[in-house]
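These notes concern the structure reproduced below.
The values are calculated or read from the model by the stated rules, or taken from the named source; none is laboratory data. Not measured: the values here are computed from a predicted model. No Cβ is skipped: glycine too gets one built from the backbone with ideal geometry, and neighbour counts run over all protein chains shown. Calculation scope for accessible area: heavy atoms of the full protein, side chains included, ligands and nucleic acids excluded. Shrake-Rupley method; radii C 1.70, N 1.55, O 1.52, S 1.80 Å.
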Amino acid sequence: MARISTLGIIGKFAIALIAVVVMQGILSFKFKVFGYFDLPLICSVYYGFTLGNPIASIVIGSSLGLMQDSLSGAALGANGLTKTLIGFFAATAVSKFAVEKTITRVFALFLFSVGDAVLVTILGLMVGSPASASYSGSGALGGWLLSATFNTLLGVILFGYHDRWRHATT
């Protein structure tokens with residue numbers, strides 16, 4: 001009986017991860033402004049902070065990143081690598097910083113967002129991906145900062161929503 005409930009939890013978790021990536025793909029395809037948001041990145045940071053387990057965060061980050069690569073025009077594996085690294089760093093930050101504080105989350109989300117954009121662009125340029133050409137050049141820094149700002153705002157809102165529901169039962 002315990003095996004069935006474990007499989008159910010894993011199944012629900014996998015469906016949630018797939019839903020995040022599909023929702024990101026649909027929203028960024030329909031509305032141009034959602035191209036600046038990175039929901040898989042926010043989920044990688046969220047699970048890194050809440051689980052605090054580097055191995056689980058690596059699996060979640062790589063799964064989200066590879067699914068994101070399959071739907072976007074980025075070089076295959078670029079988002080997988082960056083989300084894996086970010087998930088790992090977010091999970092290890094739990095032991096070093098007070099990640100339940102809002103200011104820590106703001107700095108972490110902003111820095112992780114900029115780092116993700118820089119790494120994806122570098123990896124895309126290394127393999128000659130045409131999608132990364134739009135992120136390189138003179139306007140790249142502005143796009144990275146705008147994306148980091150949007151990701152930070154959405155992430156702080158989602159973290160606040162999570163904190164509110166977590167403390168509602170106590």
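Here is how the numbers come out for the structure above:
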quantity	calculated
Rounded tilt (10° steps) of 2-30 against the dominant C-alpha axis of the chain	30
Inter-label distance, nm, simple model (7 Å from Cα along the C-beta direction), Leu51/Leu7	2.1
Segments 102-111, 117-126 sorted - mean Cβ within 10 Å per residue, highest first	117-126, 102-111
Note, ³J(HN,Hα) from phi for region 150-166, Karplus 6.51, -1.76, 1.60, rounded to Hz, x at Gly and Pro	5, 5, 5, 4, 5, x, 5, 5, 5, 5, x, 4, 5, 4, 5, 6, 5
Relative contact order of the chain, pairs being alpha-carbon contacts under 8 Å that are 6 or more residues apart, as %	21
Theoretical ellipticity at 222 nm over the chain - DSSP helices of four or more residues, -39500 (n - 2.57) apiece, nearest 500	-27000 deg cm²/dmol
Cβ-derived FRET efficiency at R0 22 Å, Ile103 paired with Thr149, nearest 0.05	0.90
Positive-end residue, the chain charge dipole about Cα centroid, Cβ charges, pick of Val120, Thr82, Ser62	Ser62
Computed lengthening from Leu76 to Phe29, 0.36 nm per intervening residue step minus Cα-Cα distance	15.1 nm
Farthest toward positive dipole pole in the chain [+1 Lys/Arg, -1 Asp/Glu at C-beta], among Thr6, Ser95, Val20	Thr6
Kirkwood Rh (inverse of mean 1/r, distinct Cα pairs), region 44-103, angstrom	11.3
Probe 1.4 Å, protein heavy atoms only - accessible area per residue of region 37-94 in square angstrom	36
Fraction of accessible area attributable to carbon and sulfur, region 11-73 (%, probe 1.4 Å)	75
Highest-MSF residue in the chain out of Ser147, Ser113, Ser72 [GNM, Cα springs under 10 Å]	Ser72
In order through region 54-68: 3J(HN,Hα) via Karplus (6.51 cos²θ - 1.76 cosθ + 1.60), integer Hz, x for Gly, Pro	x, 5, 5, 5, 5, 5, 5, x, 5, 5, 4, x, 5, 5, 5
